[in-house]
Amino acid sequence: MTKREIKAINFTPKYDVLEDRVRLSINYEDINNRVDFMITRAFSLKLLPTLSEYMDKFYAGTLPQESNAPQPSKDTLVKNEQTSRTDDTNLELYKQGDELLKEVKFSYLKESKRTIIHFISEESIAVVNLDAPNMQQIFSVIKATIPYFSWGISQSL
């Protein structure tokens, strides 16, 4: 079976209490190019340290360090020009079947100092090409949805 490949334009993470997973909706308003990845606690525990090592290796000194302070509120994030408020009606209306996120691959492009990221499930691959600030922002927003206390993990992860 050939996997469906989409270009990731926007990322909308939301904690799903019923599934106890983070739902990462990519292109949530585009029904033809949307994918809903489910990220488990176990996968998060592998991904976050790997992401941190990757950022340190390729972007050390070029970005402000993330603090262990509480994550920014949704109101603070909306003020940033790269983020926008999610239309919750469309988020539910265009919802696709949930796909378990199996792998995230990072490929550093030395010439442009950008990273190509592949989010991979059994059925789909979502691809995005990001510079360091946008990469840090996307993963900060994803991390902000993790229920650290109920998952029994530290916010410094």
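Just the ratio, please: alpha-carbon radius of gyration of region 1-66 over 2.2 N^0.38 Å, N its number of residues.
Details: Rg = 14.8 Å, N = 66, 2.2 N^0.38 = 10.8 Å.
Relative to the rule-of-thumb radius for its length, region 1-66 sits at 1.37.
So, by mean Cβ neighbours within 10 angstrom, what's the order for 45-56, 131-142 with the highest one leading?
Details: 45-56: 14.2, 131-142: 17.2.
Result, highest mean first: 131-142, 45-56.
Could you give the length gained on full extension between residue 60 and residue 116, defined as 0.36 nm per residue of separation minus the Cα-Cα distance, in nm?
On the way: separation 56, 0.36 × 56 = 20.16 nm, distance 1.76 nm.
Computed gain between residue 60 and residue 116 is 18.4 nm.
Considering amide H positions built from the backbone, and no H for Pro or chain starts, which residues 5 or more places from residue 114, or on another chain, come under 5 Å of its amide H?
109
Of the listed pairs 14/57; 46/113; 3/113; 7/113; 57/105; 14/110, which have alpha-carbon separations greater than 26 Å here?
On the way: 14/57 29 Å; 46/113 24 Å; 3/113 28 Å; 7/113 19 Å; 57/105 15 Å; 14/110 32 Å.
From the list (14/57; 46/113; 3/113; 7/113; 57/105; 14/110), the Cα-Cα distance tops 26 Å for 14/57; 3/113; 14/110.
Assuming a ≥ b ≥ c are the square roots of the Cα gyration tensor eigenvalues, decide whether region 100-142 counts as rounded (a/c under 1.5), prolate (otherwise, with a/b larger than b/c) or oblate. Working shown, then result.
Values: a/c = 3.02, a/b = 1.50, b/c = 2.02.
Since a/c reaches 1.5 but b/c is at least a/b, the shape of region 100-142 is classed as oblate.
Rule-based calculations on the coordinates, nothing more; no lab input. Just so you know, these numbers come straight off a predicted model, no measurement behind them. Note: ideal-geometry Cβ built from the backbone for every residue, glycine included; neighbour counts use all protein chains shown.
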